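Q: I'd like to ask you about the structure that follows.
Every number here is computed from the coordinates shown, using simple stated rules; none is lab data. Just so it is clear, the model here is predicted, and its values are computed rather than measured. FYI the Cβ positions are ideal-geometry reconstructions off the backbone, even for glycines, and counts take in every protein chain you see.
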Amino acid sequence: MISKEENILFAAEKLFAENGFQGTSTREISKAANVNISMISYYFGSKEKLYEKLVEYRMQEGQFFSKDILERTDINEWEKIQKIVDQFVGRVRHHKCFYRIMQREQLHTENPQIVEFLKQTKLGFLTMYSKILESGIEKGIFTKNPPIYLLHSTVSGTLFYASNATGMYKEFLQNNETEEAFEETYFNELTQHVKHILKDLLGYEENK
């Protein structure tokens, strides 16, 4: 069961993804969430604060798993990288609306709170990659030391572009499967592709 607050957030998320922040009204959000419009003011205060809360909510979700992965001692650094990719791909796949919002925000946002959320999230990922890479190099698991900021850009850029182009690739491949079946194969292949790229960039040799 989701809370009433989450119900409003998720309804707003879909509308913000489809229509943008300016193109979405609190009346539309309340209708989609099936709540009285006064509930938006009660829980969030304003549409702006609701938007900020949505970004904070999703960003924090993404940070929880990274902390857990860093602290694990039962897997090595390459296995940690693989788990990060698995989690990241899963989030991009299952939260398309949010990542559509975020890509728009990175280009056009003027909200200082959103800018700060984005910055802190990116810094969190960079810190995580840095710690794993440094440890992996010390142990001889990785033999290359690529710029961390480019490593993160490679992963996120590949995932976002590929996610946005799912329909186009389905058409290009003349694939007649259902959307769900194609997407399952597509994101599995995308996951493996990103791992192959990282394996080369990090100089990881599986059977060394």
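Q: With θ set to phi - 60°, apply the Karplus curve 6.51 cos²θ - 1.76 cosθ + 1.60 along the stretch 136-147 and write out the HN-Hα couplings as whole Hz, x wherever there is a Gly or Pro.
A: Whole-Hz 3J(HN,Hα) from phi for the stretch 136-147: x, 5, 4, 8, x, 6, 10, 10, 10, 10, x, x.
Q: Determine the gain in length on full extension of the stretch Thr154-Phe10; use 0.36 nm per residue of separation and subtract their C-alpha separation, reporting nm with one decimal. Mind dumping the intermediate values first?
A: Working: separation 144, 0.36 × 144 = 51.84 nm, distance 2.88 nm.
Going from the current span to full extension adds 49.0 nm.
Q: Using r as the Cβ-Cβ distance of Glu79 and Met168, and R0 as 25 Å, what FRET efficiency do you calculate, to the nearest 0.05? If you can, show how the numbers build up before the last one.
A: Working: r = 33 Å, r/R0 = 1.32.
The formula returns an efficiency of 0.15 here.
Q: What are the ³J(HN,Hα) couplings of the stretch 116-128, residue after residue, when phi is run through the Karplus curve with 6.51, -1.76, 1.60 and θ = phi - 60°? Round to Hz, x for glycine and proline.
A: So the J values, rounded to whole Hz, are 5, 4, 4, 4, 5, 5, 4, 5, x, 5, 4, 4, 4.
Q: Please report, for the Cα atoms of the stretch 38-145, the Rg to one decimal and the Dmax as a whole number; what are they, in angstrom?
A: Rg and Dmax of the stretch 38-145, Cα atoms, are 16.8, 58 Å.
Q: Using the Karplus curve 6.51 cos²θ - 1.76 cosθ + 1.60 with θ = phi - 60°, what ³J(HN,Hα) values do you get for each residue of the stretch 91-102, in whole Hz, with x for Gly and Pro?
A: 5, 5, 5, 8, 10, 4, 4, 5, 6, 5, 4, 5
Q: Here's a follow-up. Between their Cα atoms, which of Lys14/Lys122; Lys49/Lys80; Lys31/Lys96; Lys53/Lys199; Lys67/Lys199; Lys96/Lys199 are more than 32 Å away from each other?
A: Values: Lys14/Lys122 23 Å; Lys49/Lys80 35 Å; Lys31/Lys96 22 Å; Lys53/Lys199 36 Å; Lys67/Lys199 22 Å; Lys96/Lys199 26 Å.
Flagged as over cut-off: Lys49/Lys80; Lys53/Lys199.
Q: Using a 10 Å cut-off around each Cβ, can you sort Ile37, Ile84 from fewest to most neighbouring Cβ atoms?
A: Numbers: Ile37 15, Ile84 21.
Least crowded to most crowded, the residues run Ile37, Ile84.
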